[in-house]
Amino acid sequence: LECSSLIGSVMANTGDFKSAIALYEKALSIDPTHRFAIYFLSGIYRQMGDYEKWFEYFKKTGWQDEETVAALDSVFREEGYLAAVEMTIKIDEEAANERYIDYNILGIRYLELNDYDRAFDYFEKAYDIHHPNMPYISVAEQNYEQLRDNPRYIELLKKMNLPLPQ
């Protein structure tokens with residue numbers, strides 16, 4: 001089970017979404033509540049632009065309570081994917097003083113809105129706390145191609161001793 005999920009993340013990071021989806025679905029056939037598989041399927045479908053599937057899995061990640069997810073569902077259905085992303089950001093930022101918020105995820109969400117300054121504010125916070133997913137900032141799974149020439153991106157890669165964009 002864990003092996004399928006980990007291999008799935010490798011496949012997703014190399015851009016082989018079809019193989020990754022098959023592995024995650026295999027993991028979910030064994031354990032339908034496997035949070036790692038659910039989370040990564042949500043992310044893969046987001047990257048593929050299949051926002052219906054993204055939302056199907058995103059709702060299962062346990063991100064918020066049922067009432068909040070229902071409100072997000074309304075926004076998603078009425079205003080679209082980017083409005084839903086904005087809502088998730090707002091909810092997480094408002095909760096920052098009360099609970100842990102994932103700076104890396106907030107950075108990714110701001111990238112989707114093309115707000116690079118806010119994205120890097122969060123990526124730098126994630127770096128400062130040694131977020132375990134920060135090394136993945138340079139791989140295909142995170143879809144950072146639009147940042148190749150961004151000075152803050154290059155500086156962050158240098159700080160982490162990661163390869164610079166080619």
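Readers should treat all values here as calculations from the given coordinates under stated rules, not as data from a laboratory. Just so you know, these numbers come straight off a predicted model, no measurement behind them. Methodologically, a virtual Cβ is constructed for each residue, glycine included, from the backbone with ideal geometry; neighbour enumeration extends over all protein chains shown.
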| request: Enumerate the calculated ³J(HN,Hα) couplings along the range 74-91 in order (Karplus 6.51 cos²θ - 1.76 cosθ + 1.60, θ = phi - 60°), each rounded to whole Hz, writing x wherever the residue is Gly or Pro. | output: 4, 4, 4, 5, 8, 10, x, 4, 5, 5, 5, 4, 4, 5, 5, 4, 4, 4
| query | Which of the residue pairs LYS18/LYS158; LYS18/LYS60; LYS60/LYS158; LYS18/LYS59 have a Cα-Cα distance greater than 29 Å in the structure shown? | reply | LYS18/LYS158; LYS60/LYS158
| request: Round to the nearest 0.05 the FRET efficiency obtained for TYR100 and GLU52 when R0 = 30 Å and r is the Cβ-Cβ distance. | output: 0.55
| note | With x for Gly and Pro, the residue-by-residue ³J(HN,Hα) of the range 11-28, computed from phi through the Karplus equation 6.51 cos²θ - 1.76 cosθ + 1.60 at θ = phi - 60° and given in whole Hz, is 4, 4, 5, 8, x, 8, 5, 4, 5, 4, 4, 4, 5, 5, 5, 5, 4, 5
| remark: Taking 67-73, 51-57, 38-44 and ranking on average Cβ neighbours within 10 Å, highest first, one gets 38-44, 51-57, 67-73
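How high is the relative contact order of the chain? Use alpha-carbon pairs under 8 Å, at least six apart in sequence, and give a whole percent.
Relative contact order for the chain comes out at 15 percent.
When the Kirkwood hydrodynamic radius is evaluated over all pairs of different C-alpha atoms of the range 1-137, what value in angstrom, to one decimal, is obtained?
15.7 Å
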